Amino acid sequence: MKAAFFLLPLLLLSATPSAQGSPAMPPLASGWQARLSSMLPGAGQPADIMSRQPSISVVDLQRRVVNVQGDPAALNRVLSDVQSGVKPTYDKRLNITPDEFARYLVFQQVLKPAGRSIRLPVARDASRVSFGDTADLRGVLKGVYIDLKTGEVHSPEGYSARPVNVPPSLAPDSTLRVLNGFLWKVKGNDSRVGTGVNGTLNLLQLEDGQIILSYKRTSMIRNVLNQGEIILRYRR
């Protein structure tokens with residue numbers, strides 16, 4: 001399966017999203033609430049924990065841009081988009097040609113089972129899906145919940161975000177064939193109380209019927225900084 005790998009140091013917590021923002025995505029279509037509800041896990045949902053296999057091509061892209069003295073912010077944006085499951089766009093500030101940029105991104109990260117299966121600690125009712133924790137989840141999803149009426153994801157740090165659509169990705173050279181999905185970018189901080197979060201949550205419906213749920217975040221609660229990522233695969 002195809003996924004992405006964030007190779008630069010973790011982004012600093014910020015109160016608002018980057019001024020450049022994320023690439024425009026299609027608005028939520030009619031019936032999105034039912035689709036979201038059907039993709040989210042139920043209580044005790046069996047799931048496989050997935051791990052990433054490094055992508056040499058992305059490493060080579062980073063090395064090449066550094067060698068030609070490309071703009072670090074432009075490179076950071078590209079790798080952040082890849083990590084979020086968003087197709088990155090060419091930026092001339094990278095100091096490489098569009099064709100060279102495309103060649104480096106032909107091969108993506110491969111997801112493989114980590115050899116551990118769990119039953120997800122999920123509480124679910126008509127209004128929300130809430131995540132608990134287990135040793136295998138390492139606290140990454142603990143306290144996160146998704147409002148089934150608004151689609152908002154709420155983080156234990158006290159911040160929320162609305163979903164955007166993830167468009168289909170069914171290219172012949174793609175190993176992660178996505179039919180549709182949702183993406184949330186949760187960002188915010190409050191230095192007065194020492195809380196903050198910079199996180200990306202993906203919920204992807206694959207062509208083979210499986211679902212990928214991933215969450216990567218840098219979190220601060222009461223001035224304690226923590227980082228983590230969890231990738232789950234299951235079938236509803």
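Values computed for the structure shown
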| read-out | value |
| --- | --- |
| Additional length obtainable on full extension of the chain from Asn67 to Thr134, 0.36 nm per residue less Cα span | 19.8 nm |
| Computed lengthening from Ala114 to Ser37, 0.36 nm per intervening residue step minus Cα-Cα distance | 25.1 nm |
| √(5λ) per eigenvalue of the Cα gyration tensor, region 90-160, largest first, Å | 36, 20, 11 |
| Additional length obtainable on full extension of the chain from Glu229 to Glu152, 0.36 nm per residue less Cα span | 25.8 nm |
| For Arg128, residues with placed amide H under 5 Å, excluding near neighbours | Leu148 |
| Surface per residue (accessible, 1.4 Å probe) for region 138-236, Å² | 44 Å² |
| Sulfur and carbon atoms: percent of accessible area, region 115-236 [1.4 Å] | 50 percent |
| Other-chain or far-sequence residues with amide H under 5 Å of Gln45's (modelled H) | Leu120, Val122 |
| Calculated from backbone phi, Karplus (6.51, -1.76, 1.60) coupling profile of region 122-129 in Hz, x at Gly/Pro | 10, 10, 9, 9, 5, 10, 7, 10 |
| Reachable lysines, given that their alpha-carbon falls under 22 Å from the alpha-carbon of Lys185 and they are not under 8 places away in the same chain | Lys2, Lys87, Lys142, Lys149, Lys216 |
| Sequence-distant residues sharing a close amide H with Val166 (under 5 Å, placed H) | Gly181, Phe182, Leu183 |
| Region 81-236 - percent relative contact order, Cα under 8 Å, separation 6 or more | 14 percent |
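The values are calculated or read from the model by the stated rules, or taken from the named source; none is laboratory data. Note that the coordinates shown come from a computational prediction; the quantities given were computed from them, not determined experimentally. These area figures cover heavy atoms from the full protein model, side chains too; ligands, DNA and RNA do not enter into them. Shrake-Rupley method; radii C 1.70, N 1.55, O 1.52, S 1.80 Å.
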